[in-house]
Amino acid sequence: MSVIAQRAANMLDMLPEQDQTLAFELIKKMVLAWDPDYTKLTPEERQELEFAEREIENGDVISHEDIDWN
(Lines give C-alpha, C1' and ligand atoms only; values in the text may rest on other atoms or scores of the structure.)
Protein backbone atom coordinates (compact mmCIF):
# COMPACT_ATOMS: atom_id res chain seq x y z
CA MET A 1 0.00 0.00 0.00
CA SER A 2 1.32 3.44 -0.87
CA VAL A 3 2.12 6.03 1.77
CA ILE A 4 -0.77 8.21 0.59
CA ALA A 5 -3.20 5.27 0.80
CA GLN A 6 -1.99 4.49 4.33
CA ARG A 7 -2.42 8.11 5.36
CA ALA A 8 -5.93 8.19 3.87
CA ALA A 9 -6.85 4.97 5.68
CA ASN A 10 -5.56 6.39 8.96
CA MET A 11 -7.62 9.55 8.47
CA LEU A 12 -10.72 7.50 7.62
CA ASP A 13 -10.31 5.64 10.91
CA MET A 14 -10.63 8.96 12.76
CA LEU A 15 -14.09 9.62 11.30
CA PRO A 16 -17.36 8.42 12.80
CA GLU A 17 -18.58 5.20 11.15
CA GLN A 18 -21.33 6.94 9.16
CA ASP A 19 -18.81 9.41 7.73
CA GLN A 20 -16.39 6.54 6.95
CA THR A 21 -19.09 5.01 4.77
CA LEU A 22 -19.65 8.30 2.98
CA ALA A 23 -15.91 8.77 2.40
CA PHE A 24 -15.61 5.19 1.11
CA GLU A 25 -18.46 5.71 -1.35
CA LEU A 26 -16.78 8.88 -2.61
CA ILE A 27 -13.48 7.07 -3.14
CA LYS A 28 -15.30 4.20 -4.86
CA LYS A 29 -17.03 6.66 -7.19
CA MET A 30 -13.70 8.26 -8.07
CA VAL A 31 -12.07 4.88 -8.77
CA LEU A 32 -14.98 3.78 -10.97
CA ALA A 33 -14.79 7.04 -12.92
CA TRP A 34 -11.07 6.46 -13.47
CA ASP A 35 -11.36 2.73 -14.24
CA PRO A 36 -15.00 1.67 -14.73
CA ASP A 37 -14.22 -1.96 -15.56
CA TYR A 38 -11.25 -2.43 -13.20
CA THR A 39 -8.80 -3.17 -16.01
CA LYS A 40 -6.13 -0.56 -15.29
CA LEU A 41 -3.07 -1.69 -13.39
CA THR A 42 -1.58 0.00 -10.38
CA PRO A 43 2.17 0.71 -10.60
CA GLU A 44 2.81 -2.30 -8.35
CA GLU A 45 0.61 -4.55 -10.49
CA ARG A 46 2.37 -3.33 -13.66
CA GLN A 47 5.75 -4.16 -12.11
CA GLU A 48 4.58 -7.65 -11.06
CA LEU A 49 3.11 -8.31 -14.52
CA GLU A 50 6.30 -7.22 -16.28
CA PHE A 51 8.36 -9.44 -13.96
CA ALA A 52 6.10 -12.42 -14.71
CA GLU A 53 6.29 -11.75 -18.45
CA ARG A 54 10.11 -11.70 -18.27
CA GLU A 55 10.06 -15.01 -16.38
CA ILE A 56 7.89 -16.56 -19.09
CA GLU A 57 10.11 -15.19 -21.86
CA ASN A 58 13.22 -16.59 -20.12
CA GLY A 59 11.59 -19.98 -19.52
CA ASP A 60 11.78 -19.49 -15.74
CA VAL A 61 8.43 -21.17 -15.17
CA ILE A 62 7.30 -24.61 -14.13
CA SER A 63 4.94 -26.57 -16.33
CA HIS A 64 1.70 -27.76 -14.74
CA GLU A 65 2.57 -31.25 -15.92
CA ASP A 66 5.77 -31.15 -13.82
CA ILE A 67 3.88 -30.50 -10.56
CA ASP A 68 2.71 -33.39 -8.40
CA TRP A 69 -0.78 -32.14 -7.54
CA ASN A 70 -1.46 -35.05 -5.20
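General observations
- Additional length obtainable on full extension of the chain from GLU17 to ARG54, 0.36 nm per residue less Cα span: 8.9 nm
- The chain, accessible area per residue, ligands and nucleic acids excluded (1.4 Å, Å²): 96
- Ellipticity at 222 nm from helices only: DSSP H runs of n ≥ 4 in the chain, each -39500 (n - 2.57), divided by the residue count, give -21500 deg cm²/dmol.
- Along the chain, the longest continuous region that contains none of the chymotrypsin sites (Phe, Trp or Tyr not before Pro) in a DSSP loop with at most 16 other C-beta atoms within 10 Å is 1-37.
- Within the shell of other residues whose beta carbon sits under 14 angstrom from the beta carbon of THR42, the net charge comes to -3, with Lys and Arg scored +1 and Asp and Glu -1.
The values are calculated or read from the model by the stated rules, or taken from the named source; none is laboratory data. Treat the numbers as computed from the prediction; the structure is a model and nothing was measured. Cβ: placed from backbone, ideal geometry, glycine included. Neighbour counts: every protein chain shown. The area values use the complete protein model at the heavy-atom level, side chains included, leaving out ligands, DNA and RNA. Shrake-Rupley method; radii C 1.70, N 1.55, O 1.52, S 1.80 Å.
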